[in-house]
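Take a look at the structure set out below.
The values are calculated or read from the model by the stated rules, or taken from the named source; none is laboratory data. As the structure is a prediction and not an experimental result, all values here were calculated from the model. Here the Cβ is made from the backbone with ideal geometry for all residues, glycine too, and neighbour counts use every protein chain on show. For accessibility, only protein heavy atoms count, side chains too; no ligands or nucleic acids. Shrake-Rupley method; radii C 1.70, N 1.55, O 1.52, S 1.80 Å.
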Amino acid sequence: MDCVATGANVKVLAKAIHSLSRIGEELYLEPVDDGLALRSVNSSRSAFASFQLSPLFFQRYQAPTDQSFRCKMPIKSVQAVFKSLSSLERSVEKCRIQLNSEKSRLTITLHCKHGLLKTHNLSFQDCESLQAVFDKESCTNVLQAQPRLMVDTVLHFPPSLEEVNLSVSSDRVWLRNHVEDDADSSRAMMTELCLSSEEFDHFAISSQTSITFCLKELRGLLGFAESSCLPISMYFDEPGSPVILNVTDSVLEANFVLATLSEDSHSKNHVNSNTKRPDAEQPPDDFMSDDMDSFLIAMETSELPGPSHVPTSPLQPINNRKHSASDDEEEEALAERPPNKKFCSLFFGSVLPTPSLTNQTIQSQEVLASDSEDENQTETS
Amino acid sequence: MKFRAKIVDVGCLNHFTRVVNTVSKLTKACVLRLTCDHLYFVLSGRVATGGVSMWCELLQVNFFDEFQLEGVSADANEIFLEVAPENLSRALKTAQNAKSVKIKLTKKSCPCLTLAAELPSLSSLSRVVTHDLPVDVIPRRLWYDFREPQMPEFDVSIYLPPLKTMKSVVDRMKNLSNYLVVEANLNGKMNLKIETDLVSVTTHFKELGNPPWGEDGSQSSSRTHREPELMAETRVDIRKLQQFLTGQQVNPSRAMCNIVDGRILHLIFLHEDVSLQYFIPAVV
């Protein structure tokens with residue numbers, strides 16, 4: 001493998017690494033004929049991110065002769081190469097990524113001004129291809145917005161906030177902070193932001209829905225999208241199925257796949273802490289209207305009505321989700337776990353590039369077993 | 001109980017934000033007292049908070065374009081709420097370029113102060129962000145705990161030197177000692193002192209001036225025979241003083257302090273429509 005990125009693309013590459021570092025500990029590198037894929041997944045496997053850089057992104061792109069070559073390495077070591085964005089922008093003219101198969105090192109060379117060369121030799125591990133199972137085309141809801149809108153939106157939420165809830169109706173989008181419903185957090189400040197459909201570049205909502213996902217990864221992608229001024233698209237369905245964040249350019253594509261809270265735990269939270277807002281019939285700006293008495297009425301109502309969009313009989317998450325056949329194993333694992341589980345680790349088949357189906361299943365089983373251990377650990381801690 | 005207020009003017013919004021920021025730097029929780037004319041942020045000295053008390057008074061009409069209040073009853077037309085000023089400060093921070101900000105008392109899953117900001121947007125419709133800040137409504141029987149503190153019978157009252165200077169002196173002294181002695185006399189002199197086993201440091205300020213308190217003020221009446229050169233001194237926790245000097249964003253037009261010898265340091269910041277008083281108890 002030998003690829004060279006020049007000029008502004010070095011910064012794009014650096015930004016991509018930085019946003020991947022928000023996801024997981026390891027960077028998966030997969031050079032193939034149609035481009036270089038940079039991927040990462042978090043430890044609980046509830047978030048996956050992938051940057052696909054096409055050969056045109058590079059000044060020179062040469063895939064390795066060994067087509068099945070894939071590797072992974074600690075993302076921190078790669079991040080260190082692209083550490084300071086400002087100095088990178090100022091001084092680096094060219095970045096070359098080479099595979100030194102003799103020494104088993106990945107060599108990243110930064111060609112700086114005044115003929116300065118910075119060479120980093122990174123050790124790596126062989127690994128299988130990392131690929132999430134998702135299909136954004138099948139999602140019923142699509143939003144597209146300029147990164148500025150999303151950045152301004154996210155700014156209203158505290159940096160410590162982990163999860164955000166997004167509700168959509170036919171003409172509006174609401175974002176609010178998601179708070180677990182234990183006694184402690186009922187004292188937390190609740191923030192809600194309402195955006196009109198007009199602010200989006202593309203707004204196609206076919207079903208009113210409300211999903212909850214992690215903010216950290218979204219922030220990661222926003223950092224990338226903002227620096228490259230590319231619009232962000234969101235593809236999503238009902239709660240429990242993943243939300244896909246996408247940034248596309250002629251020479252690159254980024255997909256972030258994030259798990260969302262499944263319906264049962266989600267609706268509980270929703271009834272407790274949130275009002276009846278997502279009803280499209282409701283005057284959306286009721287707070288901004290000037291009647292002073294409106295809040296008194298609310299004060300006297302002890303029971304808040306549940307949101308209408310929550311189905312009366314919450315389905316098991318297993319029935320809710322559309323899965324490819326190869327994920328059967330995973331679904332079983334999901335059905336067995338306690339109901340208070342947070343995010344579904346849903347979309348991963350870790351797949352060998354070989355077409356053999358049997359091989360594929362075995363691989364995904366292995367990965368799944370370690371997954372559930374991981375999850376249990378994080379939960380007990 | 002009803003409360004609803006609105007800020008439209010961006011200057012007022014910034015000013016209010018600065019006051020709230022100042023308060024939030026001083027305490028995690030305090031009482032917000034609302035009356036028809038004033039807002040007060042009150043911290044009454046408790047052992048748990050290190051014995052400091054705060055009294056911050058704002059003239060409502062100078063901040064709000066609309067202000068409607070119905071207290072608990074006709075004879076007690078006030079509302080006392082326990083709030084986390086940090087939340088309020090954070091909510092206001094996200095509303096910095098808002099076209100208008102409304103603050104309202106609401107009942108959600110718990111009583112809340114709801115702050116709604118109308119933000120500029122890319123479309124014809126405004127963006128609206130609302131923050132629900134959980135508050136505790138303080139019952140009337142406890143109101144007495146949060147009354148205005150009495151002006152102490154001070155020995156010396158003196159104008160403070162420029163706050164930046166004072167802050168940099170205190171910041172440096174903090175590296176050397178945990179306690180600081182503030183002493184002043186009626187001749188416009190003030191000293192900031194630290195004393196440790198290894199070192200004694202004193203910074204002298206002179207010609208600061210002593211505020212002319214009226215007949216009811218104790219400077220001229222009850223202590224008439226005080227020797228002008230005689231220092232009144234109080235030893236305080238240096239962190240409390242530093243916190244106050246660091247966190248303040250009010251930029252007062254008048255800053256002064258009253259010293260009750262060996263008992264209390266009473267700091268007063270005056271701005272056109274804001275007054276902030278901070279009481280630091282003496283330590284032995």
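B:T202 - would you say it is open to solvent by 30 Å² or more (accessible area, probe 1.4 Å), at pLDDT 90 or above and assigned to a strand (DSSP E or B)? Let's see the steps before the verdict.
Values: open to solvent by 30 Å² or more (accessible area, probe 1.4 Å): yes; at pLDDT 90 or above: yes; assigned to a strand (DSSP E or B): yes.
Judged against the criteria, B:T202 is a match.
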Exercise. If we only count strands (runs of 3 or more DSSP E) wholly inside the range A:163-226, which ones have 3 or more residues that are buried (at least 18 other Cβ atoms within 10 Å of the Cβ) and modelled with pLDDT of 90 or more?
Worked result: A:163-168, A:172-177, A:190-196, A:209-214
Exercise. Given (1) open to solvent by 10 Å² or more (accessible area, probe 1.4 Å); (2) aliphatic (A, V, I, L, M); (3) not in a strand (DSSP E or B), where does B:V128 come up short, assuming only one miss?
Worked result: (3)
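Starting from residues that are among the hydrophobic types (A, V, I, L, M, F, W, C) and within 14 Å of another protein chain (Cβ to nearest Cβ), keep the ones in the range B:124-152 and report whichever is farthest from B:Q277 (Cα to Cα).
First, pick out the residues of the range B:124-152 that are among the hydrophobic types (A, V, I, L, M, F, W, C): B:125, B:128-129, B:133, B:135, B:137-138, B:142-143, B:146, B:151.
Cutting the leftovers down to within 14 Å of another protein chain (Cβ to nearest Cβ) gives us B:125, B:128-129, B:133, B:135, B:137.
On the way: B:L125: 42, B:V128: 35, B:V129: 33, B:L133: 25, B:V135: 23, B:V137: 24 Å.
Among those that are among the hydrophobic types (A, V, I, L, M, F, W, C) and within 14 Å of another protein chain (Cβ to nearest Cβ), it is B:L125.
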Seminar exercise, completed: How many residues of the range B:260-278 are open to solvent by 20 Å² or more (accessible area, probe 1.4 Å), assigned to a strand (DSSP E or B), over 13 Å from B:M54 (Cβ atoms) and in contact (Cβ under 8 Å) with a residue 40 or more places away in the chain? The answer is 1
For this session: Report the residue count in the range A:102-122 for those that are open to solvent by 70 Å² or more (accessible area, probe 1.4 Å), more than 19 Å from A:K11 (Cβ to Cβ) and in contact (Cβ under 8 Å) with a residue 24 or more places away in the chain.
Result: 0
Exercise. Among the residues of the range B:131-146, is there at least one that is touching a residue at least 12 places away in the same chain (Cβ under 8 Å), over 25 Å from B:T27 (Cβ atoms), not assigned by the TED database to the domain that holds B:I268 and not in a loop (DSSP other than H, G, I, E, B)?
Worked result: no
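Would it be correct to say that A:T153 is β-branched (V, I, T), under 30 Å from B:P120 (Cα atoms) and surrounded by fewer than 17 Cβ atoms within 10 Å (Cβ to Cβ)?
On the way: β-branched (V, I, T): yes; under 30 Å from B:P120 (Cα atoms): yes; surrounded by fewer than 17 Cβ atoms within 10 Å (Cβ to Cβ): no.
So A:T153 fails the test.
Anything in the range B:50-90 that is over 20 Å from B:E272 (Cβ atoms), among the aliphatic types (A, V, I, L, M) and touching an Asp or Glu at 6+ places or on another chain (Cβ under 9 Å)? List them, or say none. Break it down into steps so the answer makes sense when it comes.
At the first step, the residues of the range B:50-90 found to be over 20 Å from B:E272 (Cβ atoms) are B:50-53, B:66, B:68-90.
Now restrict to residues that are among the aliphatic types (A, V, I, L, M): B:52, B:69, B:72, B:74, B:76, B:79, B:81, B:83-84, B:88.
The answer is B:V52, B:L69, B:V72, B:I79, B:L81, B:V83.
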Problem set entry | Single condition B:R4 does not satisfy, out of (1) assigned to a loop (DSSP other than H, G, I, E, B); (2) of a type in the set (D, E, K, R); (3) buried (at least 22 other Cβ atoms within 10 Å of the Cβ) | (1)
For this session: Would you check which residues across the range A:149-169 are touching a strand residue (DSSP E or B) at 6+ places or on another chain (Cβ under 6 Å) and at the interface with chain B (Cβ under 8 Å from one of its Cβ atoms) and list them?
Result: A:H156
Exercise. In the set A:A80, A:A14, A:A5, which member is in a strand (DSSP E or B) and either touching a Phe, Trp or Tyr at 6+ places or on another chain (Cβ under 9 Å) or farther than 18 Å from A:N246 by Cα (or both)?
Worked result: A:A5
Seminar exercise, completed: Filter the range B:97-123 for residues that are open to solvent by 60 Å² or more (accessible area, probe 1.4 Å), within 7 Å of chain A (Cβ to nearest Cβ) and assigned to a loop (DSSP other than H, G, I, E, B); the one that is modelled with the lowest pLDDT is B:L122
For this session: Looking only at the range B:9-67, count how many residues are open to solvent by 20 Å² or more (accessible area, probe 1.4 Å), part of a helix (DSSP H, G or I) and within 16 Å of B:A84 (Cβ to Cβ).
Result: 5
Exercise. Going through the range A:46-67 one residue at a time, which ones are open to solvent by 30 Å² or more (accessible area, probe 1.4 Å) and under 23 Å from A:V247 (Cβ atoms)?
Worked result: A:Q52, A:P55, A:L56, A:Q59, A:Y61
Exercise. Could you say which residue among B:I280, B:I238 is at pLDDT 90 or above, touching a helix residue (DSSP H, G or I) at 6+ places or on another chain (Cβ under 8 Å), over 14 Å from B:P152 (Cα atoms) and among the aliphatic types (A, V, I, L, M)?
Worked result: B:I238
For this session: Inspect all residues belonging to the range A:79-92 and state whether any of them is surrounded by fewer than 13 Cβ atoms within 10 Å (Cβ to Cβ), of a type in the set (S, T, N, Q) and in the same structural domain as A:D237 (by the TED database).
Result: no
Exercise. Does the range A:206-227 contain any residue that is within 22 Å of B:S124 (Cα to Cα) and either outside the structural domain of A:R45 (by the TED database) or of a type in the set (A, V, I, L, M) (or both)?
Worked result: no
Exercise. Given the conditions (1) within 13 Å of the chain's Cα centre (by Cα); (2) on the phi > 0 side of the Ramachandran plot, which single one is not true for B:G51?
Worked result: (1)
Exercise. Tally time: how many residues in the range B:70-88 are surrounded by fewer than 22 Cβ atoms within 10 Å (Cβ to Cβ) and either closer than 17 Å to B:M1 by Cα or more than 11 Å from chain A (Cβ to nearest Cβ) (or both)?
Worked result: 13
For this session: May I ask you to list pairs of residues, at least six apart or on different chains, whose Cβ atoms are under 7 Å apart, with the first in the range B:211-240 being open to solvent by 50 Å² or more (accessible area, probe 1.4 Å) and the second being small (G, A, S) and modelled with pLDDT under 80?
Result: B:W213/B:S220; B:E215/B:S221
Exercise. Taking B:P149, is it open to solvent by 70 Å² or more (accessible area, probe 1.4 Å) and either of a type in the set (K, R) or within 30 Å of B:R226 (Cα to Cα) (or both)?
Worked result: no
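Conditions (1) closer than 21 Å to A:P31 by Cα; (2) part of a strand (DSSP E or B); (3) of a type in the set (S, T, N, Q), marked per residue:
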{"residue": "A:S50", "(1), (2), (3)": "yes, yes, yes"}
{"residue": "A:M73", "(1), (2), (3)": "yes, yes, no"}
{"residue": "A:S86", "(1), (2), (3)": "no, no, yes"}
{"residue": "A:K103", "(1), (2), (3)": "yes, no, no"}
{"residue": "A:N121", "(1), (2), (3)": "yes, yes, yes"}
{"residue": "A:Q131", "(1), (2), (3)": "yes, yes, yes"}
Problem set entry | Test: B:L88 is assigned to a strand (DSSP E or B) and modelled with pLDDT of 90 or more | no
